[in-house]
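In what follows, a structure is listed as structure tokens, so that the remarks can point back to it.
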Amino acid sequence: MAKATKTIRQTLHQCPKHTAWFVATQALYNQVCAFYFDVIQAHPGILELPTKTALTALETLTHTTNDNPHPVMPLSEITPTIPAMFRRAAIHAALGSAHSFHTHLEKWRTRKDKATRKGKKFTERPPVPPRSWKKSAVFYAGQYKGRTAKSILLKLWTGRAWCWLKVHLSGQTTPDEWELGSPTLVQQGEQWRLHTPIEKQFTAPGSVEKQVTSRSDTKICAIDLNITEHLAVCTVQTVEGTVLATRFIRGGKELHGLRKRLLGRIARNRRKTGLIAEGEQDNAALWAKVRAIDEDTAHQVSHRIVQFAQAHGATILVFEHLGHFKPQQGTYSKRGNEKRSYWLGGRLFHYAKYKGWNEHIVTSRVNPRNTSRECARCHCPVARYNAGQPAEGYTPGASLVLCSDCQMRGNADRNASLVIGQRLLARYQTHSQEKPPTPLHAERSLKKDGDARSQDAKRRRRPSSNQARHGTSVEHGTAQDGVHGMANTPSGIPR
């Protein structure tokens, strides 16, 4: 069995006078977390124990009971009455921070010893314990009750006592077949929200290799990510090479223009002041707007990719394994805009990966080398050009493509997405090399070695949520003109 997890976010609506209760609860939670972190620092052997055993040991060291009237480091010095579930939530948070700190410390010591043995100068500073605590309070069972779609009862600290408070909820609702976890109280600006993790169990989908080699009805969705007009071009094809549908997801020009205007305003503001205070964020409101625009676009486009794959029964998403793009020289707003466009591609992969997993779709990546320079039909070099220009040479970012060998003519990014899908099939050598070439609507991928890089879809549990890598030094072409939406014809490229 596999497990899918995600978080629903709901806004809390409470009287203004009760806002102070949220603040007091959050402050007490962080105070207790800091206390238990200090206890762990004083007893480092606790980190070697299993989680449940470590929890029991920490409670024995700090919690006063009839059998343990004089603990070594009593928690009652902070406040005499702390609910058990509140205390245990803080203990788990402190354990997580302590494990993270000691892991980073051991890695730093390893690097220092390695440099010392080689006689090199080591100037890297060691990691330090948290100087301040700003964790969001987690409510275990017993700290909340009576939860409905519109309201919930929370047990809050008023500064003097613990009280139950009923608050109204608005926002996302819990989907069917998902189980609720422990909610977290999160402050965002002047608003307070409740973030609740939800999960569901399902039969693990087969690995990419198993699906491609053992099932003839497997469909894959190949995605070519771009940075201008079409943010993504998706093509659904079968393992036999039949192209079923294509979708062009637009919005790149609008996003590029809006982001460039905001970055231009930041550059002009910096030019006026001439100084940027150290340790302070300049133009905080403008930077927040830039981040929000990129985040919203990444979520929307990744959702459309998964939705398109679902609609056509695709069970595999295929992306290029991008490395490191470098923005071209130019003004601050131009370079910053191009750099964030490359970062957006990494976010699209990251979000599509976990959203696809929640819909039983696995994700893989292939070698990006020359995917835009290769013909999807005969795999010969192609000419890339814009409308009204001669069909010769290779213009990065041009919208049209022509193969002089087989006379294939069409959209450049659609051709690239077809090549990406064919490379996944070629990795597992699903077709014979001796078959003659056929028209694209019944295309057979050639038998050749695929990319030897990691393929992330073999695991049976939920995939990693680590950030994807961004870009490669090879220019990544993008479409500027062409049909958008979904093409239902088997192929838009003639014989």
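The values are calculated or read from the model by the stated rules, or taken from the named source; none is laboratory data. What you are looking at is a predicted structure, and each value in this text was computed from that prediction instead of being measured. Note: ideal-geometry Cβ built from the backbone for every residue, glycine included; neighbour counts use all protein chains shown.
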What tally of residues in region 185-194 results from selecting those that are in contact (Cβ under 8 Å) with a residue 40 or more places away in the chain and surrounded by fewer than 15 Cβ atoms within 10 Å (Cβ to Cβ)?
1
β-branched (Val, Ile, Thr), at pLDDT 90 or above and closer than 18 Å to ARG365 by Cβ: which single residue out of THR297, THR238, THR315 fits that description?
THR315
Hey, among the residues in region 51-62 that are surrounded by fewer than 19 Cβ atoms within 10 Å (Cβ to Cβ) and closer than 14 Å to GLY96 by Cβ, which one's farthest from the chain's Cα centre (by Cα)?
LEU55
Pair list, Cβ < 8 Å and 6+ apart or interchain, from region 408-421 residues that are touching a residue at least 24 places away in the same chain (Cβ under 8 Å) to residues that are part of a helix (DSSP H, G or I)
MET408/ASN415; MET408/LEU440; LEU418/LEU440
Selected residue (criterion: nearest to ALA309 (Cα to Cα)) from residues of region 369-398 that are among the aliphatic types (A, V, I, L, M) and assigned to a loop (DSSP other than H, G, I, E, B)
ALA376
Of everything in region 150-184 that's within 29 Å of the chain's Cα centre (by Cα) and closer than 23 Å to THR81 by Cα, which residue is surrounded by the most Cβ atoms within 10 Å (Cβ to Cβ)?
PRO183
Counting only residues that are part of a helix (DSSP H, G or I) and of a type in the set (Phe, Trp, Tyr), which one in region 300-342 is nearest to THR246 (Cα to Cα)?
PHE308
Within region 130-149, track down each residue that is touching a His at 6+ places or on another chain (Cβ under 8 Å) and loosely packed, with under 12 Cβ neighbours inside 10 Å.
none
If I filter region 72-111 down to residues being within 19 Å of TRP133 (Cα to Cα) and among the small types (Gly, Ala, Ser), which single residue comes out as surrounded by the most Cβ atoms within 10 Å (Cβ to Cβ)?
ALA90
Within 22 Å of ALA311 (Cβ to Cβ), modelled with pLDDT under 90 and out of contact with any strand residue (DSSP E or B) (no Cβ under 9 Å at 6 or more places or on another chain): is that true of ARG259 in this structure?
no
Exactly one condition in (1) farther than 26 Å from ARG160 by Cα; (2) surrounded by 13 or more Cβ atoms within 10 Å (Cβ to Cβ) is not met by ALA42; state its number.
(2)
Restricting attention to region 378-388, does a residue exist that is closer than 19 Å to PHE319 by Cα and either at pLDDT 85 or above or crowded, with 19+ Cβ neighbours inside 10 Å (or both)?
yes
Which members of region 343-368 meet the condition of being part of a helix (DSSP H, G or I), over 14 Å from PHE319 (Cβ atoms) and not hydrophobic (A, V, I, L, M, F, W, C)?
ASN358
Would you say ILE40 is in contact (Cβ under 8 Å) with a residue 24 or more places away in the chain, of a type in the set (Val, Ile, Thr) and not in a helix (DSSP H, G or I)?
no
PHE202 fails exactly one of the following numbered conditions: (1) closer than 27 Å to ARG247 by Cβ; (2) in contact with a His (Cβ under 8 Å, 6 or more places away or on another chain); (3) at pLDDT 90 or above; (4) of a type in the set (A, V, I, L, M, F, W, C). What is the number of that condition?
(3)
When you scan region 200-266 for strands (runs of 3 or more DSSP E) that lie fully inside it, which ones turn up with 2 or more residues that are under 30 Å from ALA285 (Cα atoms)?
230-238, 243-250
Report yes if GLN201 is more than 23 Å from ALA27 (Cβ to Cβ) and within 23 Å of the chain's Cα centre (by Cα), otherwise no.
yes
Do we find a residue being basic (Lys, Arg), touching a Ser or Thr at 6+ places or on another chain (Cβ under 8 Å) and surrounded by fewer than 21 Cβ atoms within 10 Å (Cβ to Cβ) anywhere in region 195-215?
no
Tell me, please, whether a residue that is free of Cβ contacts under 8 Å to residues at least 60 places away in the same chain and under 30 Å from ALA141 (Cβ atoms) can be found in region 102-115.
yes
